[in-house]
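**Q** Mind looking over this structure? Questions follow.
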Amino acid sequence: MDRDLSDGRARSSVFLDRDGTLNVDRQYVRTPEDVELVPRAADGARMLQDAGYALVIVSNQSGIARGLFTETQAQAVDDRVIALLAQEGVRIAGSYRCPHLPDAPVAAYAKDCDCRKPQPGLILRAARDLDLDLATSWAIGDRARDVAAGIAAGCRAVLVLPTPARQDAEDFEGSRPEHVASDLMDAARFIIGHALRA
């Protein structure tokens, strides 16, 4: 299944949302000290890595546009998430974030962009930068926008939903996930099992 081969074929990837999927969502995670991995997230990520997928973080961070924290502070949080995963044997191939928000109070980030999920811009940029095969890749996140971004980019998608009742409130706008998982390990098992059946 590993696509990082000498024949030049692009790699398969899993695009992972950050807050709520990898680390505990505290509404706005502002400092490295706020970072706590979601239970079994590292285990699920490691399973996907061991199955040959490159792991890439793609995250909306509108707190930057809202003036709640800076890009430098957001980078420190990203670095902490990546470091905690590395301690568990998980390597992140790349990390991408959207700092924008239409009508945001910080004028420099107030724009309607193509990188804010549900738009697929972050995933498309990562695929170009890292030579990833979108047709054999997956997106995983805890919001409908994560699913929609993955599908719009040409991937398949899994929704991580620790609270099943919340699914009724999600607006998928026609972009339905192939599986609703209880956590990242459950998502990993589904994706790996799907690959084995293919």
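**Q** If the Cβ limit is 7 Å and pairs must be 6+ apart or interchain, which residue in region 90-114 that is in contact (Cβ under 8 Å) with a residue 12 or more places away in the chain and at negative phi pairs with which residue that is among the polar types (S, T, N, Q) and not in a loop (DSSP other than H, G, I, E, B)?
**A** So the pair list comes out as VAL90/GLN49; ARG91/GLN49; ARG97/SER59; CYS98/ASN60.
**Q** When residues of region 29-47 are filtered for being part of a loop (DSSP other than H, G, I, E, B), touching a Leu at 6+ places or on another chain (Cβ under 8 Å) and more than 16 Å from ILE57 (Cβ to Cβ), how many remain?
**A** Residues meeting the conditions: 2.
**Q** Ok, one more. Out of region 91-130, which residues are among the hydroxyl-bearing types (Ser, Thr, Tyr) and either assigned to a loop (DSSP other than H, G, I, E, B) or over 18 Å from the mean Cα position of the chain (by Cα) (or both)?
**A** Within region 91-130, just TYR109 meets the criteria.
**Q** Follow-up question, since we're still on this one. Scan region 179-198 residue by residue and report those that are surrounded by 15 or more Cβ atoms within 10 Å (Cβ to Cβ), over 16 Å from ARG46 (Cβ atoms) and not hydrophobic (A, V, I, L, M, F, W, C).
**A** HIS179
**Q** Kindly indicate the residue of region 80-107 that is farther than 16 Å from ALA42 by Cβ and of a type in the set (D, E, K, R) and also surrounded by the most Cβ atoms within 10 Å (Cβ to Cβ) among those meeting that condition.
**A** ARG97
**Q** Residues in region 63-74: is at least one closer than 18 Å to TYR109 by Cβ, in contact with a Lys or Arg (Cβ under 7 Å, 6 or more places away or on another chain) and either aromatic (Phe, Trp, Tyr) or surrounded by fewer than 16 Cβ atoms within 10 Å (Cβ to Cβ) (or both)?
**A** Within region 63-74, one or more residues are closer than 18 Å to TYR109 by Cβ, in contact with a Lys or Arg (Cβ under 7 Å, 6 or more places away or on another chain) and either aromatic (Phe, Trp, Tyr) or surrounded by fewer than 16 Cβ atoms within 10 Å (Cβ to Cβ) (or both).
**Q** Identify all residues within region 41-84 that are in contact with a strand residue (DSSP E or B) (Cβ under 6 Å, 6 or more places away or on another chain) and of a type in the set (D, E, K, R); write none if there are none.
**A** Scanning region 41-84 gives a single hit, ASP78.
Only the coordinates and a few stated rules stand behind these numbers; no lab work does. Computed from a prediction, not measured in an experiment: that's the story for all the values here. Methodologically, a virtual Cβ is constructed for each residue, glycine included, from the backbone with ideal geometry; neighbour enumeration extends over all protein chains shown.
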